[in-house]
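The values are calculated or read from the model by the stated rules, or taken from the named source; none is laboratory data. Because the structure is predicted, anything quoted here is derived from the model rather than measured. Every residue, glycine among them, receives a Cβ derived from its backbone with ideal geometry; neighbour counts consider all protein chains shown. Just the protein is used for accessible areas: all its heavy atoms, side chains included, with ligands, DNA and RNA removed. Shrake-Rupley method; radii C 1.70, N 1.55, O 1.52, S 1.80 Å.
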Amino acid sequence: MTHEDILQRDWYAILDASPSDCFQELKQKYQRLVLLYHPDKQGPDAAAVEVERRAERFIEVDQAWKILSNEETRRAYDLQRRAQELKQSWPVDAHICLDDMDWDDGERAYRYGCRCGGEFVIGKEETEEEEESVVCCDTCSLSIEVKMAA
C-alpha cells in the first residue's frame, strides 16, 4: 500500500477510535469490530449482499489495525495526516513556479526573494517529493505555494 493509499482513508474512524487512543484502547476497539464483522460470525440466513458488505468492512478493519497497531506505521500515518491538515489550511500569499526561483549551488536549494527582504528557500529534496509545496519566508510570516512542474 502506497503512502497515497494510506491517506485516502481515516483509519482511526474505521476503528471508531481517535489519534489520542493508546495501543490497548485501539486493540479493544479492533477486537470488538473483528468479532462483529468476521465472516464466520455471520448467520446462515444473512442475505448475500449483507454478507459481502460485512466481509468488506472486516477487511477494512483489519487494514486499519495493521497500520495503527505498528508503532512505526502509526507514527508515519499521524505525521502524514498532520502534514495534510496543515497543507489544507495554510494561508498562501502567492503562487509561483519553481522555474521562477533562483538555484543556489552552495546551499543546494532554490531561493526566491520576499517583499520584506527575506527569502523563501526550498531544498532540492523537497522539490522531488511533491508536485507543489508551501514555503515560508525566513524573516516574516508570508508564505508562497511553489508549483514544481510547469
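Among the residues of region 101-116, how many are within 16 Å of Ser143 (Cβ to Cβ) and either of a type outside the set (D, E, K, R) or surrounded by 13 or more Cβ atoms within 10 Å (Cβ to Cβ) (or both)? Outline the logic, then answer.
Residues of region 101-116 that are within 16 Å of Ser143 (Cβ to Cβ), as a first pass: 101, 110-116.
From what's left, either of a type outside the set (D, E, K, R) or surrounded by 13 or more Cβ atoms within 10 Å (Cβ to Cβ) (or both): 101, 110-114, 116.
Residues flagged as within 16 Å of Ser143 (Cβ to Cβ) and either of a type outside the set (D, E, K, R) or surrounded by 13 or more Cβ atoms within 10 Å (Cβ to Cβ) (or both) within region 101-116 amount to 7.
Find all pairs meeting these conditions: Cβ atoms under 7 angstrom apart; at least six residues apart or on different chains; first residue within region 76-88 and within 16 Å of Ser20 (Cα to Cα); second residue at pLDDT 75 or above and in a helix (DSSP H, G or I).
The qualifying pairs are Tyr77/Trp11; Tyr77/Ile67.
Yes or no, residue by residue, for (1) within 22 Å of Gln84 (Cα to Cα); (2) among the β-branched types (Val, Ile, Thr); (3) in contact (Cβ under 8 Å) with a residue 40 or more places away in the chain; (4) outside any strand (DSSP E or B):
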site	(1), (2), (3), (4)
Gly117	no, no, no, yes
Glu125	yes, no, no, yes
Glu128	yes, no, no, yes
Ser133	yes, no, no, no
Cys136	yes, no, no, no
Ser141	yes, no, no, yes
Val146	yes, yes, yes, no
Ala149	yes, no, yes, yes
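Can you tell me which residue is farthest from Asn70 (Cα to Cα) among those in region 29-53 that are at pLDDT below 90 and of a type in the set (Val, Ile, Thr)?
Filtering first and then ranking leaves Val49.
Return yes when Ala55 is among the aliphatic types (A, V, I, L, M) and either touching a His at 6+ places or on another chain (Cβ under 9 Å) or open to solvent by less than 60 Å² (accessible area, probe 1.4 Å) (or both) and no when it is not. Give the steps one after another, and end with the answer.
Details: among the aliphatic types (A, V, I, L, M): yes; either touching a His at 6+ places or on another chain (Cβ under 9 Å) or open to solvent by less than 60 Å² (accessible area, probe 1.4 Å) (or both): yes.
Yes.
Of the residues that make up region 21-28, is at least one open to solvent by 80 Å² or more (accessible area, probe 1.4 Å), in contact with a helix residue (DSSP H, G or I) (Cβ under 9 Å, 6 or more places away or on another chain), over 14 Å from Ile67 (Cβ atoms) and not hydrophobic (A, V, I, L, M, F, W, C)?
Checked region 21-28: no residue is open to solvent by 80 Å² or more (accessible area, probe 1.4 Å), in contact with a helix residue (DSSP H, G or I) (Cβ under 9 Å, 6 or more places away or on another chain), over 14 Å from Ile67 (Cβ atoms) and not hydrophobic (A, V, I, L, M, F, W, C).
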